[in-house]
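Each value in this text was obtained by applying a stated rule to the coordinates, not by laboratory testing. This structure is a prediction, so every number in the text was calculated from the model and none was measured. Cβ placement follows ideal geometry from the backbone for every residue including glycine, while neighbour counts extend to all protein chains displayed.
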């Protein structure tokens, strides 16, 4: 496939054996950078904490400096850099605007990285990158309608419909975590909206939701002896603790996970009805690091008996790309840039 923007042209499929590509995953906690061959084979991976303070150029400069340092012997032969980043985004400018889960909430990536690297830099939302990686390397191979959902610090999605990567006017057409799943708006999302899916079932917001539940529920004496209730009283409750105690059979923890999954099922129903996918792949820490019987199977079961799904139920499965899903997606963006994405990246005109 040939990606083209202004005077930039690069033939990915015809790449020579001495050509290399870089994928970057910008997350709320970690930045992952990988060097790959033209076949997508990973040669080296670097992982380091996402900067927690700085100006709007700090993250871009850290990425550029790391690539130059860690892959210096390959620099001349690196053809394209692909980036999957937590959003929301302004794709035309290559910037992140008001990210709820990254400490530096607004920052520039596109133009400063193009200026530093003097190479095409293809940027997309992390879940958009992930679904593109799923199509090239994962369960989306041979499929035309694919959704990727992450259940992690936040809840996000990437969508391909009839082989077209959905983007929207600014690159935010896939923000499924901000679908309203509770019209009463009991919980407030990190973005400030009420009743959003992410406010009930994301890692960042589960502790707040659980606190609300425990304030409202009339608990038995047995439930008050739960370690979850003790963590709640001590104000140190975490999403990880809820799932770990549920794995041990704690009744209160199981009751809470069941409540969380009611909102997950509602979110998946919405996604299926809106996008009509053949396959939904699921990633993120909540899905990948906890027992399938708690994190994924209840969603699959709920969808299978739902009377609210108006189309054929898709395959729903954990991503085979694991915790490298966004990184592999960024690599896929570099290797095979979607034409409609490249056409939106106005910052590439500076090359």
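Give the residues of the range 329-351 whose amide nitrogen is closer than 20 Å to a point set 7 Å from the Cα of residue 66 in the direction of its Cβ.
Residues passing the 20 Å test: 329-335.
Report, for the chain, the % of DSSP beta bridges that are antiparallel, rounded to 5. Let's see the in-between values first.
On the way: 32 of 53 bridges.
Antiparallel bridges: around 60 percent, rounded to the nearest 5.
Could you state the principal axis extents of the C-alpha atoms in the range 143-320, from the largest down, to the nearest angstrom?
Sorted from largest, the Cα extents of the range 143-320 read 53, 32, 29 Å.
How high is the relative contact order of the range 203-260, in percent, with contacts defined as C-alpha pairs under 8 Å that are six or more residues apart?
36 percent
Take the chain, connect every pair of alpha-carbon atoms lying under 10 Å apart with a spring to form a Gaussian network, then pick out the residue of 24, 326, 180 with the largest mean-square fluctuation.
Largest GNM mean-square fluctuation: 180.
Any idea what angle helix 206-216 forms with the longest principal axis of the chain, computed on alpha-carbon atoms, 0 to 90 degrees, nearest 10?
Tilt of helix 206-216: around 20 degrees.
Taking the mean number of other Cβ atoms within 10 Å as a proxy for protection, how do you rank 337-347, 33-43 from highest to lowest?
Going by the mean number of other Cβ atoms within 10 Å, highest first, we get 337-347, 33-43.
Determine, from the Cβ-Cβ distance of residue 236 and residue 92 and an R0 of 25 Å, the FRET efficiency 1/(1 + (r/R0)^6), rounded to the nearest 0.05.
0.05
Once each part is reduced to its C-alpha centroid, what is the distance from the range 257-280 to the range 231-250 in angstrom?
24 Å
In whole angstrom, how long is each semi-axis of the equivalent ellipsoid of the range 36-144, when you take the square root of 5 times every eigenvalue of its Cα gyration tensor and sort them from largest down?
Square roots of five times the eigenvalues give 22, 20, 13 Å.
May I ask you to derive the relative contact order of the chain, considering only C-alpha pairs under 8 Å and at least 6 residues apart, and to give it as an integer percent?
Computed over the chain, the figure is 23 percent.
Please order 217, 197 by the number of other Cβ within 10 Å, starting at the fewest. Can you show the working numbers first?
Numbers: 217 13, 197 28.
Lowest count first: 217, 197.
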